[in-house]
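These notes concern the structure reproduced below.
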Amino acid sequence: MTSELPAEPSYDEMLEPDGTVRPAYEGYRRWLEAQPAGHLRRKGVEAEAFFRRTGITFNVYGAADAEERLIPFDPVPRIITATQWRKLSRGIDQRVRAINAFLHDLYHRQEIVRAGRVPERLLRDNAAYLPQMAGFTPPGGVYTHIVGIDLVRTGEDDFMVLEDNARTPSGVSYMLENRETMMAMFPELFTRVRVREVSDYPRRLARSLAACAPAAFAGDKPTVAVLTPGIYNSAYFEHAFLADQMGAELVEGSDLKVEGGRVAMRTTRGWQPVDVIYRRVDDDFLDPLSFNPSSVLGVAGIMDVYRAGGITIANAPGTGISDDKAIYSFMPEIVEFYTGEKPILPNVPTWRCSEPDALAYVLDNLADLVVKEVHGSGGYGMLIGPTSSKREIAAFSAKLRARPDNYIAQPTLSLSTVPIFTRAGLAPRHVDLRPFVLVSPHGIDITPGGLTRVALKKGSLVVNSSQGGGTKDSWVLDD
Amino acid sequence: MRLSIDHATTYQFAGPVRQGLQRLRLTPATARGQTVIAWDIACDGAVVEVGFDDEYGNRVTLVSLTPGAEAVTIRAQGLVETRDEAGVTGRHAGYLPLWHFARETALTAPGVGVGALIAGLAEGAAHDRLATLHVLSDRVAAAVTYAPGHTDVATTAEAALSAGRGVCQDQAHVLIAAARALGIPARYVSGYLLIDGRETQEAGHGWAEGHVDGLGWVGFDVANAICPDDRYVRLAVGRDYLDAAPVKGLTTAVSPKDRTAAARDRMAIALSVTAVSGA
Amino acid sequence: MLGRSANGIFWLFRYLERAENTARLIEAGFRMALTRDSGAASEEWRSVLVTLGLHAAFAARHGEDVTGAQVFNFVLRDRDNPASVLAMIEMARTNARMVRTGITREVWEAVNESWMKLKDMLARPVTEARLRDVLDAVRRQATQVRGAMEGTMLRNDIYYFARIGTAVERADNTARILDVKYYVLLPSLSAVGSSLDNVQWDNVLRAVAGERAYRWLNAGQMDPRGIARFLILDERFPRALAFCYDELSTNMALLAREYGFETEAHAIQRQGQEWLARLTIEAIFEQGLHQFIGEFLACNHRLAQQIQRDYRFVE
């Protein structure tokens, strides 16, 4: 097994510093060593052809040529032990409970603001706070039916939350397809190593959504539909995949209208009411009557039906306020305020550039920091100090000075690495992890594993698929 | 005083309607100063889809237009018992924080006109909001003369100021913009007004409310230079007219009979507000 | 199922059928042109364009001079031709993506693979040497999609709409080919009995892949009346109009059984089928082949429109 040395000392999830294999990867290593030379590479080529044929692609905004691009898949699994996972899930559970309590509070009495724990300013100037949700409690009291928590790791027991995704987190189809692919390519591997199942996620999602049926639902099985912006959306594959796996209709805005006091879909037999809508359309486009009036992706009047108890919208509109990067830095306080417990999963240390002291520090240390836009996503509009030129830093510094409250800064973390398969053999690359969490009135359900994103370029810390990141199958070992 | 209200809004479309929705905020609520005795909304050419209370506490009725209809009439009728509270409507209620009413909206964004209007009032606003609002109300009345026909529902506060004339809605928007520029939460109220000697009116009424610590929300009707009394009925409130409009016609798709520009939708209002003897 | 999905599946199979039929038409044209002098060959290619309704678009692009390579490249892959085979395959795939949740993985993969393969083959100009490979690929891919559908799809409304789309399109295509070639089949010309006519008749059959079936049924006897009867009225031949209407009748009946109601489209279909059943080839020729085809195309179009309305394909 060859291995390049990482540019800086990072926690290698597979190998101890002395080169011995960590216990989590022991079973995998035994299998790997028994594989004939060239086997893995051949399988990698097979996997790519398989993805192309099945159409597992994503669309890149602004890319002229590539309508559909593949997210590179690496065949070396990312492995988490049962013990590590237990701790992670406790932390995730706690955080997601806090997020839902926070959202309910923000759209009601705002006790956390009254208590002075979160500044009013963060809500006042925040477009993600939707007044249309004030005073309304969604069916079952659930705001974030689906959450993705982005975790990074810096040591054996050091997991931190990098970001919460409480709007419409994507990527779960890759978690499922990556596992399918691994099982198709290396079936014997799964007889050697016992890995916890992820494939029932769609069934659990369907059950979780059905448990949040609105007051107007009458019958024995709620009708669930997935609302997609359409086939040109970057995550269309995932929308179709989830609808298919759940046995739900995949609808577009043009299939829906308000009819008979409900939101109904146009079927070949007539208009049929929808009980729960899993929307993959942003708040702003959801209802031209309530939000962006020029939107054709949503349903006119859906907010009225929603407030009247005629439909469940998952996730609830207005959840974006809880995963805003400016709010993020208050998450430890938020977790404590609503759960009465110390946070199990820490945040990545964060400087709020809106605070003068923090800003001064950030400006002095730009070369060592990662600076992010408060409302940005997907790795756009950020500065990674250590890999930026002097000119880039100077240019960014000007932007930062002009609008400090638009930015937060974090240290450049030495993210853990997992090997990927390269021409020259295994080589460590930085990874993160996005577990997927379902929330229903019956509780919080975390699928063991999640989506591991990996920066394919040596030394790179950017794992976003839109910026050249790849994915891995993520294993949680069974006890 | 007991007021009898009959308010019919008719839309005449350029052709048969294919689909369309209208959001009605046409149901007054019993509150300080007014008790609703009877109220009813009837639609012709539309059916009620849902009703709910919005984030401002307004009763909203969503109706969908009947496909094929060429006109729709929405008629709200009822009896409301009113009391003179000198414009005070009370403590802030509901889950929207007060700061929400201090943020600008597109219709009430302050510019040079509002800046000039509030000149010298900043200090007063800090310690006596009520007095400041009275001064503002007078200034608005002087700056925007009541004159129908020069503005429409999309006219901004700044535009009304620079035109120097407008209707009650424009005056309310200017007052709201100015109050907010001084840090005073303010909101728009749509409703009805009994006008002596005028049984029929062409339009509903609109005025502003500012928030005064201790008193709560206090109304100012610039057009009539008065704080609302028992001749007023409040229908709905919001940050500006768009939040509180009694009828908001939306996404109306019609199949025009002839495609000439003349074939535009037309709206007509028949409103009567009368005082009746109490039971 | 969603009206939009029914629309998607209906058009997915219409586009696939049209792409396949277009390939057959080019194949017949190519074969014909090879055996003729250049003037007659141009004429043959022009009739291919007329059949496809592309004559004006082609003329706008290339002028009135018609060469084989220009025609089949225009029909197969020209970016300025929104009705090219490549564009149809792309539209088929777009529709398949839209109804992804209504079709099996096998059907989706067959469509996606067709698109990848043909996009690749049609990325550069097609030479006469490569033409046959390309046409073969179009036919084979269509067959593969059909096979995947037959083998894996549940027999429910989705499947019926797929079959209905195929049958409507196929009837339309056969009728158009007949319409452009009708003069070849007229009795007045057949009296001449030259070998050229034999080639022409053979060519009409080839354009609908019917030459072998016809020969088998008629022991090598070529006569225009027989050919016309075969292509219009023979319920055994899968590209005949009568066959397509049988197919429509079966699938629309199954649809009505599943939904528990018939629609206006059923009435139109029944009228069309009864009309075909009453007709004899003598009556058709008496009325005029061209007039008959015109009526048939109108009826078929009306049926397609009514299906889209009755099952709420669009709002």
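The values are calculated or read from the model by the stated rules, or taken from the named source; none is laboratory data. Note that the structure is a prediction, hence the values are computed from the model and not measured. Note: ideal-geometry Cβ built from the backbone for every residue, glycine included; neighbour counts use all protein chains shown.
Observations on the structure shown:
- Pairs are defined by a Cβ separation below 8 Å, a sequence spacing of at least 6 or placement on different chains, a first member in segment C:293-315 that is more than 14 Å from chain A (Cβ to nearest Cβ), and a second member that is among the polar types (S, T, N, Q); the pairs so defined are C:C299/C:Q271; C:L303/C:Q269.
- Filter result for C:A167 (outside any helix (DSSP H, G or I), under 23 Å from the mean Cα position of the chain (by Cα) and either under 18 Å from C:A19 (Cβ atoms) or among the small types (G, A, S) (or both)): no
- When segment C:1-60 is filtered for residues that are β-branched (V, I, T) and part of a helix (DSSP H, G or I), the ones remaining, listed by number, are C:I9, C:T22, C:I26, C:V48, C:V50, C:T51.
- Considering only residues in segment A:104-161 that are within 10 Å of another protein chain (Cβ to nearest Cβ) and polar (S, T, N, Q), the one that is surrounded by the most Cβ atoms within 10 Å (Cβ to Cβ) turns out to be A:Q132.
- Number of residues in segment B:150-161 that are under 17 Å from the mean Cα position of the chain (by Cα) and either closer than 24 Å to B:G87 by Cβ or loosely packed, with under 15 Cβ neighbours inside 10 Å (or both): the value is 5.
Yes/no matrix, rows are residues, columns are (1) among the charged types (D, E, K, R); (2) away from chain A (no Cβ under 14 Å):
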| residue | (1), (2) |
| --- | --- |
| C:R100 | yes, no |
| C:V107 | no, no |
| C:A110 | no, no |
| C:D120 | yes, no |
| C:R130 | yes, yes |
| C:Q141 | no, no |
| C:D157 | yes, no |
| C:Y160 | no, no |
| C:V168 | no, yes |
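- For segment B:12-34, a residue qualifies if it is of a type in the set (S, T, N, Q) and part of a strand (DSSP E or B), and the qualifying residues are B:Q12, B:Q19, B:Q22, B:T27, B:Q34.
- Selection status of B:L62, under 19 Å from B:D243 (Cβ atoms) and at pLDDT below 95: no
- Remark: pairs (first residue in segment A:180-197, touching a residue at least 12 places away in the same chain (Cβ under 8 Å) and among the hydroxyl-bearing types (S, T, Y); second residue outside any loop (DSSP other than H, G, I, E, B) and surrounded by 12 or more Cβ atoms within 10 Å (Cβ to Cβ); Cβ separation under 8 Å; 6+ apart in sequence or on different chains) = A:T181/A:A47; A:T181/A:F50; A:T181/A:F51; A:T181/A:F73; A:T181/A:D473.
- Here C:A92 clears all of (1) over 16 Å from the mean Cα position of the chain (by Cα); (2) at pLDDT 90 or above except the condition numbered (1).
Table: residues versus (1) more than 9 Å from chain C (Cβ to nearest Cβ); (2) polar (S, T, N, Q); (3) under 19 Å from A:D283 (Cβ atoms).
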| residue | (1), (2), (3) |
| --- | --- |
| A:A216 | yes, no, no |
| A:G219 | yes, no, no |
| A:P222 | yes, no, no |
| A:L227 | yes, no, yes |
| A:G230 | no, no, yes |
| A:A240 | no, no, no |
| A:D244 | no, no, no |
| A:G253 | yes, no, yes |
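- Subset tally (residues that are assigned to a loop (DSSP other than H, G, I, E, B) and either aromatic (F, W, Y) or touching a residue at least 60 places away in the same chain (Cβ under 8 Å) (or both)) for segment C:224-237: 1
- Subset of segment A:392-407 (residues that are without any contact (Cβ under 8 Å) to a residue 24 or more places away in the chain and either among the aliphatic types (A, V, I, L, M) or outside any helix (DSSP H, G or I) (or both)): A:A394, A:A395, A:A398, A:A402, A:R403
- In segment A:128-142, the residues that are under 14 Å from A:S322 (Cβ atoms) and in a loop (DSSP other than H, G, I, E, B): A:A128, A:Y129, A:L130, A:P138, A:V142
- Top-ranked residue of segment A:103-126 - restricted to ones that are under 25 Å from A:V439 (Cβ atoms) and either of a type in the set (K, R) or part of a loop (DSSP other than H, G, I, E, B) (or both), ranked as farthest from the chain's Cα centre (by Cα): A:A115
- The condition (being without any contact (Cβ under 8 Å) to a residue 40 or more places away in the chain and part of a loop (DSSP other than H, G, I, E, B)) is satisfied by just one residue among C:R124, C:R97, C:R140: C:R124.
- For segment A:261-293, the set of residues classified as surrounded by fewer than 20 Cβ atoms within 10 Å (Cβ to Cβ) and within 11 Å of chain B (Cβ to nearest Cβ) consists of A:P293 only.
- Scanning segment B:114-170 for residues that are of a type in the set (D, E, K, R), more than 15 Å from B:Y188 (Cβ to Cβ) and not in a loop (DSSP other than H, G, I, E, B) gives B:E123, B:R129, B:D138, B:R139, B:E158, B:R165.
- For segment A:159-174, the candidate set comprises residues that are of a type in the set (A, V, I, L, M) and out of contact with any Lys or Arg (no Cβ under 8 Å at 6 or more places or on another chain); within that set, the residue that is farthest from A:W475 (Cα to Cα) is A:A166.
- C:E90 part of a helix (DSSP H, G or I) and facing chain A (nearest Cβ under 9 Å): no
- Within segment A:422-471, being under 27 Å from A:G19 (Cβ atoms) and of a type in the set (S, T, Y) holds for A:T422, A:T452, A:S460, A:T471.
- Residue satisfying condition, being closer than 18 Å to C:N173 by Cβ and of a type in the set (A, V, I, L, M, F, W, C), within set C:A265, C:A228, C:A253: C:A228
- Flag if B:G164 is on the phi > 0 side of the Ramachandran plot and either under 17 Å from the mean Cα position of the chain (by Cα) or of a type in the set (K, R) (or both): no
- The residue that is surrounded by the most Cβ atoms within 10 Å (Cβ to Cβ), counting only those in segment A:298-315 that are assigned to a loop (DSSP other than H, G, I, E, B) and within 14 Å of another protein chain (Cβ to nearest Cβ), is A:V299.
- Criterion violated by A:M175 - all others in (1) out of contact with any Gly (no Cβ under 7 Å at 6 or more places or on another chain); (2) surrounded by 21 or more Cβ atoms within 10 Å (Cβ to Cβ) satisfied: (1)
- Enumerated strands (runs of 3 or more DSSP E) restricted to segment B:35-90, each holding at least 1 residues that are away from every other protein chain (no Cβ under 14 Å) and not aromatic (F, W, Y): B:71-82, B:88-90
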